[in-house]
Amino acid sequence: MEYDFRKIEQEWQLRWKENKVYKVLNDYAKPKYYVLDMFPYPSGAGLHVGHPLGYIASDIYSRYKRLKGFNVLHPMGYDSFGLPAEQYALETGQHPAVTTQKNIATFRSQLDKIGFSYDWDREVRTSDPGYYKWTQWIFLLIFDSWYNQITNKAERIDSLQIIFESEGNIHHASPGDKALQFSAGQWASFAESRQQEILMHYRLAFSSYGEVNWCEALGTVLANDEVVNGVSERGGYPVEKKKMRQWYLRITDYADRLLEGLDRIEFSDAMKEMQKNWIGRSQGAEMVFAIKGHAQPLGVYTTRPDTIFGVDFMVVAPEHELVPMITTSGQKEEIEKYLAYVKSRSERERLAEVKQITGCFTGAYAINPFNGREIPVCIAEYVLAGYGTGAIMAVPCGDQRDFLFANHFKIPITNIIGDHFNGEEANPTKEAILQHSGFLNGLLMKDAIEVAVNKIEELRIGKRKINYRMRDAGFSRQRYWGEPFPIVWSDGIAIPLGAEELPVELPHVDKYGPGPNGEGPLANMEDWVHLTPNSSPEEKTMAPEDPGNEIKNPLAGPGSPLFWKGGGEVKRETSTMPGYAGSSWYFLRYMDPGNNELFCDRKASDYWGQVDIYIGGTEHAVGNLLYSRLWTKILFDLGYVGHDEPFKKLVNQGMIQGSSRFVYRLNCKLYFGSDEEIAKDSYPLFIIPKSVADKIDNSTIRRQIEQEIEMYFDANFDNSPLRMVRIEGMSPLHIDVNLVDGVELNVEAYKKKQPNVDFLLLEEDGKYICGVETEKMSKSKYNTVNPNDLVDKYGADTFRMYEMFLGPIEQSKPWDTKGIEGVHRFLRKLWRLFYDDQKGKVWTDHKPTDAELKVLHRTIKKIDEDTERFSFNTAVSTFMICVNDLADLKCHKKEILEPLLFLLSPYAPHISAELCSLLGSGISPVGEDAPGSVYPVFNPALLVESFKEYPVSINGKVRTNINIALDITPADVEQIVLQNDIVQKWLEGKAPKKIIYVKNKMVNVVI
RNA sequence: GCCCAUGUGGCGGAAUUGGUAGACGCAGCAGACUCAAAAUCUGCCAUUCGCAAGGAUGUGAAGGUUCGAUUCCUUUCGUGGGCACCA
């Protein structure tokens, strides 16, 4: 009986599907475990071998935990909104919904072949109205919330209204307009539109005019992480700043909690570091400098108040509001010239010329409050309007940019750090003793920071301040293929739709181009955008004549002013939500996917709780992972979930790189002698070996190739038309890796695909060895490998184990198909422990020996340890060692083999299930007959040894091995070791200085 | 520039707490079985000196701590990733 993996895998997959063995119930009595994969964007290219790496790891872990008795949630879905489908629609006219549907079908069929244990009844798709209804719902919830800095959590907006009614905003400054202040009485006197405008500044999801990354070529706004080096990540088009009405999430209010939460979760240091950098917390002080002759002072932010006496000038951002006010008439012309220059420069240019110092003097002078010194105020590009106050106090001896600026404009530098400053570059040290620094003289800079801040606060010219690099997250996109906002606009007021209006379905469009004024494609849908009475039958409920049908927001509670009373022009919001909207909470929907009342029942989220293991790539380090954490914290504050960090532990899978193969095409010109031109098609493109291609510049090699070509024509034409050959060089060409066996090209197969080529100068055996390079896996490089091909050839079990065998899950590594044979051989060898090709059944019911039990229990222990720590590559090795050992022992005993199958089943479920079923005990490691209690338990007693083969070293070098009983005294050990011939030889009659004996490890004799 | 990873045979990698470096697999070499092939099995396989026994060297490089270092410390080089006028 042979190992017929195709038949076995097909049959078991069908059976598992029919019996719904992976169905997961919210069985609140059982201990839970939540294993999550980052759900994929269903691209048109389908899966390549890199995708399943994480999926296989998570599947193994899920199956393992299930066997250990946990109720394991292990779902899968699709992040199916996004730009690529829309781009494709623009190019081909195919509706994104159609292509997405098709791509998902491809993904699903590929996933199914690998034998994953997903509960597909819990599948989510972010582009499904049944799903994005709740994305919209959560958005409305966030819209209806504000961040209370006193209680330090999000609250519903009505609590803020109550506060305003009783005390104004005295204790809650507006995050959008710091200067705004009003009393309770004033609040009551404001018109409703004014009140709404003020509330908007406080909302956690708010709308505001802001500078966005506008990409003309894509006709859309891009997120910061979609802009790379000033051009769009996709397509590389230029990106510029543009003011536009946008939606934002007030993530900055959560900056500190997002930082603090990192201490409570298991992410890699690299990942935490990336998030910390992104948040960019810095501690310092904000203080004001008076400007000579002006009433309004200049506010600056600094992290180094200790350097206050080293301030030689001030720099403000060119966009700073004070610039036109303080510029003197003498400097006006120059300043305007500089402003024009700044404006003319695109983001791209500015980034390309980092560290180039440009700037201009305003003519104004600021006064240092500590020593009364008058210092010039300049403007410069290197000061950013969006960070801090948009102005700095420049300390050239301590900051390199300030130093360069001072040098450039010949501003004298005050040295406050003595020898630490060499006059050639700034030194940002905190270890210097301060000089020329008034009341700070003699203090270590480190210590002076606190002293200076205290003084600043005492003099009431500033206060300590924490700043963040992170900005509020732009939440609207001028795109089609995303969630529509459940918002309508009336007289400039954003009105949330009621829960009963959800989902606001994405209307079908025929054109995917941008709308007028850079709006999204939805703006072209006149009928959809304008909500006037009777404009569309299904919107009847909005008819203003019917007072019972007001658009009300039930989220805002009774008596809320937030509803549309009819009349006036009402327009829908035409932008859509960004890609991260749907992926910020999908892990919650999996817990309760069918719920029509709520996005996820609190009981379900309390049960499943945090994702215990989240597996995915590093590319979402600051996107998905940060926003998911934000949404969870908001939902936690508002009482919708019971935990505030979504992911307990994150495992980053490495990237599988492609291993590209090249052939080298000869570039040559052929001259023909006869008048009759021979058809171009009748002579081929010539391919030369890499060894020849490398030496193409060598004239001897060229001559050799030319002769080769002449011979070719002599052989293929009766009267060779060739008069002359001139070789111009060669070009490496990517060739399909599937035509290559290792590095050897399958010449026949290649010729079938490329009939018009011929190979020159091959070795005698006719082999062609390809060039090799490691690159990103991509279709255009012909280096993708489709898992389907491998599953067809070797089976899913082999494929799963091979992917794990490649190396540590977190490491990036190039794909190499060659080694898969070894894993396949291992599974066949395992099969032969049960069934022999000739003899048939070989397994028996005989009692196992101690040696056999030892092999089994060593394996149990190692597999447990390795699986727990995600060391799947060593686990596969362990299985191989075990099967090798059992084969050596000629062990075919069911009592040993059956537990082994249970150990193996998370890794290779099909063969394990088949062999278990053939053993006939009526228990299975997969599915409905798999009680947790049959998973093998390690018995340490079986591994106890009484002797050990100790390595004995002389001066740290191993010279021999001696078998010594474990229970004897160190003195006896020394005796035995010293009597050993080899040790004697090395001692040369001398007495050892010292003997180190570590029980169960080694013995070292020091001479 | 700053931060984080990482560097071990021809190749992927192992060595979990400082204790026999190279497990397991690929590739390669030699052999068995076979008419032959496939499949399978057996042996060899870091470098170097040596007929061998047995030495010497060896985890990017240089130092250090230690009886003992792939593992810890310092310096340095290479590779990969992230951030980058953030005051």
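For chain A, would you read off the P(r) tail past 51 Å as a percentage of all alpha carbon pairs?
43 percent
Dipole magnitude for chain A: computed about the Cα centre from +1 point charges on Lys and Arg Cβ and -1 point charges on Asp and Glu Cβ, it is near 2120 debye.
Projecting the Cα atoms of A:ASN415, A:GLY54, A:LEU443 onto the dipole axis of chain A, where Lys and Arg carry +1 and Asp and Glu carry -1 at the beta carbon, places A:LEU443 farthest toward the positive end.
Label-to-label distance, A:THR303 versus A:ALA173, with points set 7 angstrom from Cα along the beta-carbon direction: 2.2 nm.
As a calculated quantity, the FRET efficiency between A:ARG281 and A:ASP967 at R0 = 51 Å, using C-beta atoms, amounts to about 0.30. Peptides A:476-483, A:958-965 ranked from most to least packed, by the mean per-residue count of other Cβ atoms within 10 Å: A:476-483, A:958-965. Peptides A:993-1006, A:876-889, ordered by how many other C-beta atoms sit within 10 Å of their residues on average, highest first, read A:876-889, A:993-1006. Per residue, the accessible area of chain A comes to 46 Å² when a 1.4 Å probe rolls over the protein heavy atoms. Three semi-axes describe the equivalent ellipsoid of segment A:605-733; taken as square roots of 5 times the Cα gyration tensor eigenvalues and ordered largest first, they are 68, 15, 11 Å. Orientation-averaged projection of segment A:73-186 equals 11.9 nm² [convex hull of Cα atoms, one quarter of hull surface area].
For A:LYS990, the aspartates and glutamates whose Cα falls under 20 Å of its own Cα, not counting residues fewer than eight places away in the same chain, are A:ASP972, A:GLU974, A:ASP981. Remark: for residue pairs A:LYS113/A:LYS648; A:LYS242/A:LYS633; A:LYS65/A:LYS649; A:LYS20/A:LYS648, the C-alpha separation exceeds 21 Å in A:LYS113/A:LYS648; A:LYS242/A:LYS633; A:LYS20/A:LYS648. Over the residues of chain A, the helix contribution to mean residue ellipticity at 222 nm works out to -10000 deg cm²/dmol, using -39500 (n - 2.57) for each DSSP H run of at least 4. Extending 7 Å from Cα along the Cβ direction at A:GLU526 and again at A:GLU260 yields two label points whose distance is 5.4 nm. Here the gap between A:ASN19 and A:THR700, fully extended at 0.36 nm per residue and compared with their Cα-Cα distance, gives a gain of 238.1 nm. Could you state how much accessible area A:MET325 has, in square angstrom rounded to the nearest 10, with a 1.4 Å probe and all protein chains kept in place? Near enough 100 Å² of accessible area. Cross-link partners among lysines for A:LYS854, C-alpha distance below 18 Å, same-chain residues fewer than 8 apart left out? The reachable lysines, counting only those whose Cα sits under 18 Å from A:LYS854, are A:LYS862, A:LYS890, A:LYS893, A:LYS894, A:LYS948. Farthest towards the positive end of the charge dipole of segment A:784-882, among the residues A:LEU833, A:ALA796, A:VAL876, is the Cα of A:LEU833, using unit charges on the Cβ of Lys, Arg, Asp and Glu. The candidates A:TYR468, A:TYR64, arranged from most to least accessible area with a 1.4 Å probe in the full protein assembly, appear as A:TYR468, A:TYR64. Compared with the direct C-alpha span, the chain from A:TYR209 to A:ILE150 gains 18.5 nm at full extension, assuming 0.36 nm per residue. With the charge dipole of chain A set up from +1 on Lys and Arg Cβ and -1 on Asp and Glu Cβ about the Cα centre, the Cα lying farthest toward the positive end among the listed residues A:HIS530, A:SER166, A:TYR768 is that of A:TYR768.
By definition, a body whose alpha carbon gyration tensor gives a ≥ b ≥ c is oblate when a/c is 1.5 or more and a/b is not larger than b/c, and segment A:793-901 fits this oblate description.
Just to confirm my numbers, what's the Cα centroid distance between segment A:1-44 and segment A:828-847 in Å? Segment A:1-44 and segment A:828-847 have Cα centres spaced 28 Å from each other.
Partners of A:LYS7 within straight-line reach, counting aspartates and glutamates whose Cα lies under 20 Å from its Cα and excluding those fewer than 8 residues away in the same chain: A:GLU18, A:ASP112, A:ASP789, A:ASP792, A:ASP797, A:GLU821, A:ASP836, A:ASP837, A:GLU914. What a 1.4 Å probe finds exposed on chain A is 49% carbon and sulfur by accessible area, rounded to a whole percent. Computed from the C-beta positions of A:LYS839 and A:ASP510, the FRET efficiency with R₀ = 56 Å rounds to 0.25. In order along segment A:80-96, the Karplus-derived 3J(HN,Hα) couplings, from 6.51 cos²θ - 1.76 cosθ + 1.60 at θ = phi - 60°, round to 9, 8, x, 5, x, 5, 6, 4, 4, 5, 4, 6, 10, x, 6, 5, x Hz, and Gly and Pro are given as x. In this Cβ point-charge picture (+1 for Lys and Arg, -1 for Asp and Glu), segment A:880-1007 has a dipole of about 860 debye about its Cα centre. Each label was represented as a point 7 Å from its Cα along the Cα-to-Cβ direction; for A:ASN26 and A:GLU425 these points are 6.0 nm apart.
The values are calculated or read from the model by the stated rules, or taken from the named source; none is laboratory data. Here the structure is a predicted model, which means the values were calculated and not measured. With ideal geometry, Cβ positions are generated from the backbone for all residues, glycine too; neighbour counts draw on all protein chains shown. Quick note on the areas: whole protein, heavy atoms, side chains included, nothing else; ligands and nucleic acids left out. Shrake-Rupley method; radii C 1.70, N 1.55, O 1.52, S 1.80 Å.
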